1. Can you tell me how many residues within region 112-123 are of a type in the set (A, V, I, L, M) and buried (at least 22 other Cβ atoms within 10 Å of the Cβ)?
2. For region 178-199, check the following and say yes or no: at least one residue is open to solvent by less than 40 Å² (accessible area, probe 1.4 Å), in contact (Cβ under 8 Å) with a residue 60 or more places away in the chain and small (G, A, S).
3. Has region 125-134 got at least one residue that is touching a Ser or Thr at 6+ places or on another chain (Cβ under 8 Å) and open to solvent by less than 80 Å² (accessible area, probe 1.4 Å)?
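The values are calculated or read from the model by the stated rules, or taken from the named source; none is laboratory data. On a predicted model such as this, the values are computed, not experimentally measured, just so you know. Glycine also receives a Cβ, built like all others from the backbone with ideal geometry; neighbour counts cover every protein chain displayed. Side chains included, ligands, DNA and RNA excluded: accessible areas come from the protein's heavy atoms. Shrake-Rupley method; radii C 1.70, N 1.55, O 1.52, S 1.80 Å.
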Amino acid sequence: MEESHGLLIVLSGPSGAGKGTLCRELLCQMPDLRYSVSMTTRSPRPGEVEGVHYYFRTRNEFESMLASNELLESAEFCDNYYGTPIFAVEQAIQAGLDVILEIEIQGALQIKKRFPQGIFTFIVPPSLDVLSERIHKRGTETEEVIQKRLATAIQELEYVSEYDYVVINDEVPVAVNKLKSILIAEKCRVKRKPFVFKGESR
Ligand code: 5GP
């Protein structure tokens, strides 16, 4: 049986749940998987590289991409815009590669409307205490931003039921194996719907 197009995997979960670490591990272990580099208006953290971690843009630049429908989804998160450029995702999936998006919930819900055949997976931390500890340890945000992110995290946890899968990120290798199993199972589906994005992102 011929596989014509790749899978779209959406990974969401509170900031500090460990989505980034899981994504990196998964990308190392799954050669046909590509990471969708998002666009953001937030400033780069130390070590973040333009075009690798994000495309860092001004609010004006972001808004003009939005207006010309070049984003698959977009959201405002803790006072910054984030969005997924549509072009690279479309190109990779059409070429038969799988694409992983690490995005927050508002964006994931937009994609669910436009592309319900995506695989929607929610990553949760083992507890809120662990989440707080992880964000503090990262040391990249001010206390005010940390508190805002923790408050957002509590709201975000209410959306788990919108997702197809939930993975608790306690031990990274265990969580990565669960994600791999999800992808492998999804690839074995007898019926896969055709690859078409419906309508516009907003
Ligand atoms: P951070 O500032 O910590 O890199 O990301 C903040 C939140 O924005 C995280 O939950 C991250 O997954 C999410 N995010 C990153 N890129 C995108 C994107 O393209 N679209 C949306 N909707 N959320 C994103």
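1. Within region 112-123, the subset of a type in the set (A, V, I, L, M) is 119, 123.
Applying the additional criterion that residues be buried (at least 22 other Cβ atoms within 10 Å of the Cβ) yields 123.
Adding up the residues that qualify gives 1.
2. Residues of region 178-199 that are open to solvent by less than 40 Å² (accessible area, probe 1.4 Å), as a first pass: 179, 182-183, 186, 195, 197.
Filter once more, so that each one left must be in contact (Cβ under 8 Å) with a residue 60 or more places away in the chain: 179, 182-183, 186, 195, 197.
Within this subset, residues satisfying the condition of being small (G, A, S) are none.
No, there is no match, as no residue in region 178-199 is open to solvent by less than 40 Å² (accessible area, probe 1.4 Å), in contact (Cβ under 8 Å) with a residue 60 or more places away in the chain and small (G, A, S).
3. Keep residues of region 125-134 that are touching a Ser or Thr at 6+ places or on another chain (Cβ under 8 Å), which gives none.
No, region 125-134 contains no residue that is touching a Ser or Thr at 6+ places or on another chain (Cβ under 8 Å) and open to solvent by less than 80 Å² (accessible area, probe 1.4 Å).
Yes/no matrix, rows are residues, columns are (1) modelled with pLDDT under 90; (2) out of contact with any strand residue (DSSP E or B) (no Cβ under 7 Å at 6 or more places or on another chain); (3) within 30 Å of V196 (Cα to Cα):
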residue: P125; (1), (2), (3): no, yes, no
residue: L131; (1), (2), (3): yes, yes, no
residue: A151; (1), (2), (3): no, yes, no
residue: D164; (1), (2), (3): no, no, yes
residue: V167; (1), (2), (3): no, no, yes
